[in-house]
1. Could you please find all residues in segment 18-57 being touching a Leu at 6+ places or on another chain (Cβ under 9 Å) and of a type in the set (D, E, K, R)?
2. If a residue must be surrounded by fewer than 15 Cβ atoms within 10 Å (Cβ to Cβ) and not basic (Lys, Arg), how many such residues does segment 51-64 contain?
3. I need every pair where a residue in segment 21-38 that is on the phi > 0 side of the Ramachandran plot has its Cβ under 7 Å from the Cβ of a residue that is open to solvent by 60 Å² or more (accessible area, probe 1.4 Å), sequence separation at least 6 or different chains.
4. Report every pair of residues separated by at least 6 positions or lying on different chains whose Cβ atoms are under 6 Å apart, first residue within segment 91-103 and assigned to a strand (DSSP E or B), second buried (at least 17 other Cβ atoms within 10 Å of the Cβ).
5. When the residues of segment 1-25 are narrowed to those that are touching a strand residue (DSSP E or B) at 6+ places or on another chain (Cβ under 7 Å) and of a type in the set (Val, Ile, Thr), which ends up surrounded by the fewest Cβ atoms within 10 Å (Cβ to Cβ)?
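The values are calculated or read from the model by the stated rules, or taken from the named source; none is laboratory data. Owing to the predicted nature of the structure, the values given are computational and were not obtained by experimental measurement. Here the Cβ positions follow ideal geometry from the backbone for every residue, glycine too, while neighbour counts run over all protein chains shown. Each accessible area value is taken on the protein alone, full model and side chains, heavy atoms only, with ligands, DNA and RNA left out. Shrake-Rupley method; radii C 1.70, N 1.55, O 1.52, S 1.80 Å.
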Amino acid sequence: MPEGFERGVRMGVDVGQVRVGIALTDPECVLATPHQTLKRDTNPRKAFDVKIITRLCEERDVVTVYVGLPLSLDGAENRSTQMARDYAAALVRRLGSRGCTTAVRLVDERLSTVAGHRALWDSGISRRHHMDKVDQAAAVTFLQSAVEQGLRTGAEPGDPVQG
């Protein structure tokens, strides 16, 4: 039986090798908006970006974090897919160590970066300024899609991540 989809703040996390884009919804899940881009800390002992996301979950009472799963166009997994899975697991561990009950789920993010670039271009932002914003825009794209699916079906989209 699928888990129910209840209203509440949702977060989208677009994980890259260099940056992590974050988007948030309002408590009613009407609109996903860009929040910030973090520099990726690849040192698993420090993981400052994971700590910042955890603090944001606590401060904003985030119900669910959707981590984008970058599958190939044919649905196959690749190195980036494993990187996103590892990042999501690290986030679950950090949230758990803080006693935070925010759920973490993996959602398909195919073409979200392309859509992010298009949205930035359409809004008049020049290409040379895209890199600072594209990860946020990608997170907005798959977060909005996930919450619309959840509202439509009544079930949490994506696959739950265990620590």
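1. Scanning segment 18-57 gives Arg19, Asp49.
2. 3
3. Cys29/Arg7; Cys29/Leu151
4. Listed pairs, sorted by first residue: Ala103/Thr64.
5. The qualifying residue surrounded by the fewest Cβ atoms within 10 Å (Cβ to Cβ) is Val9.
Quick grid of which residues meet (1) of a type in the set (Ser, Thr, Tyr); (2) more than 12 Å from Val13 (Cα to Cα); (3) open to solvent by less than 40 Å² (accessible area, probe 1.4 Å); (4) in contact with a strand residue (DSSP E or B) (Cβ under 9 Å, 6 or more places away or on another chain):
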{"residue": "Pro27", "(1), (2), (3), (4)": "no, yes, no, no"}
{"residue": "Gln36", "(1), (2), (3), (4)": "no, no, no, yes"}
{"residue": "Asn43", "(1), (2), (3), (4)": "no, yes, no, no"}
{"residue": "Asp49", "(1), (2), (3), (4)": "no, no, yes, yes"}
{"residue": "Val67", "(1), (2), (3), (4)": "no, no, yes, yes"}
{"residue": "Asp74", "(1), (2), (3), (4)": "no, yes, no, no"}
{"residue": "Glu77", "(1), (2), (3), (4)": "no, yes, no, yes"}
